[in-house]
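Data block below; observations after.
The values are calculated or read from the model by the stated rules, or taken from the named source; none is laboratory data. It should be emphasised that the depicted structure is a prediction, and the values quoted were computed from it without experimental measurement. Note: ideal-geometry Cβ built from the backbone for every residue, glycine included; neighbour counts use all protein chains shown.
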Amino acid sequence: MEARSILRMVRLSPQKARLVADQVRGMGVASALQLLKFSDKKAAGIIYKVVWSAMSNAESSFGADVDSLKVTQIFVDQGAVLKRMHARAKGRGSRIIKPTSHITVVVGDKR
């Protein structure tokens, strides 16, 4: 039994999100949520909500026991990049890159 949750187009760099995702991969859901709750990174708060959503999906759809769930898969893909311009000297402009991410969390039984 596996349940998943996907968050798309979140305004966060995939590189920064992967640092937090690597910490919770393979952990039990309760301990992963505990770690994410007290982390001071921006990505931790976002990933916390996605893990919570996946846990709720497993509980409501399959009637899974929350204590026996673990994060089986978590991965962060790059989304669309927002490109903006910033005025520079002598009439020039420089590009500002604003990356987005797609975060996918899959939770399943501890087997």
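Below are the figures for this structure:
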{"read-out": "Which listed residue, of K98, K42, is of a type in the set (K, R) and either over 16 Å from the mean Cα position of the chain (by Cα) or farther than 25 Å from R11 by Cα (or both)", "value": "K98"}
{"read-out": "Helices (runs of 4 or more DSSP H) within the chain that include 1 or more residues touching a residue at least 60 places away in the same chain (Cβ under 8 Å), surrounded by fewer than 19 Cβ atoms within 10 Å (Cβ to Cβ) and touching a strand residue (DSSP E or B) at 6+ places or on another chain (Cβ under 7 Å)", "value": "42-62"}
{"read-out": "The listed residue being out of contact with any helix residue (DSSP H, G or I) (no Cβ under 9 Å at 6 or more places or on another chain), at pLDDT 95 or above and under 14 Å from T104 (Cβ atoms), out of V10, V50", "value": "V50"}
